[in-house]
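Here is the structure we will look at.
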Amino acid sequence: MRECNELIQGAVGSRGTVDPRALRDVAIVRYDALHEMSGQLSFSLALLNAVGDGVVLSSINGRAETRTYAKSVRACKGVQELSPEEAQAVHSARLGTGLSMIAATA
């Protein structure tokens with residue numbers, strides 16, 4: 001309760017601290033997931049906090065349908081197996097290099 005009250009009053013922020021749970025590392029990797037589509041319309045987006053926990057959202061776009069996946073990330077590793085593009089998004093997010101990355105086509 002005290003911590004919530006301090007956050008509301010701005011006491012935590014005024015001491016120059018950052019909540020380690022806050023999102024800080026972001027990267028997006030665009031790619032052609034399916035041979036029927038071009039233009040890098042598929043993507044994987046990594047959203048991580050200071051300790052490398054977060055989520056990777058992937059959208060696989062085809063002519064007839066789009067599939068969207070969300071995978072949890074703990075300490076920069078996927079809780080479920082990550083695709084190469086998802087792993088690249090996590091890596092780029094941690095390096096701070098990834099708001100416009102485009103993966104090579106397969």
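The values are calculated or read from the model by the stated rules, or taken from the named source; none is laboratory data. Predicted model, so just to flag it, every value in this text is computed and none were measured. Neighbour counts are summed over all protein chains in view; Cβ atoms, including those assigned to glycine, are modelled from backbone coordinates with ideal geometry. Just so you know, the surface numbers come from the protein's heavy atoms only, side chains and all, with ligands and any DNA or RNA stripped out. Shrake-Rupley method; radii C 1.70, N 1.55, O 1.52, S 1.80 Å.
Sorting GLU65, GLU86, GLU81 by solvent-accessible area of protein heavy atoms yields GLU81, GLU65, GLU86, largest first, with a 1.4 Å probe.
Full extension of the chain between LEU95 and ARG24 yields a length gain of 24.4 nm, computed as 0.36 nm times the residue separation minus the alpha carbon distance. Measuring r between the beta carbons of VAL55 and HIS35 and using R0 = 30 Å, the FRET efficiency lands at 0.60.
By the gyration tensor of its Cα atoms, with a ≥ b ≥ c the square roots of the eigenvalues, what is the shape of the stretch 19-84: rounded for a/c under 1.5, prolate for a/b over b/c, or oblate? Prolate is the answer for the stretch 19-84, as a/c is 1.5 or above and a/b outweighs b/c.
Other residues with beta-carbon under 10 Å from the beta-carbon of GLY78 carry, at +1 per Lys or Arg and -1 per Asp or Glu, a net charge of +1.
Residue ranges 22-34, 42-54 sort as 42-54, 22-34 when ordered by packing (mean number of other C-beta atoms within 10 Å per residue, highest first).
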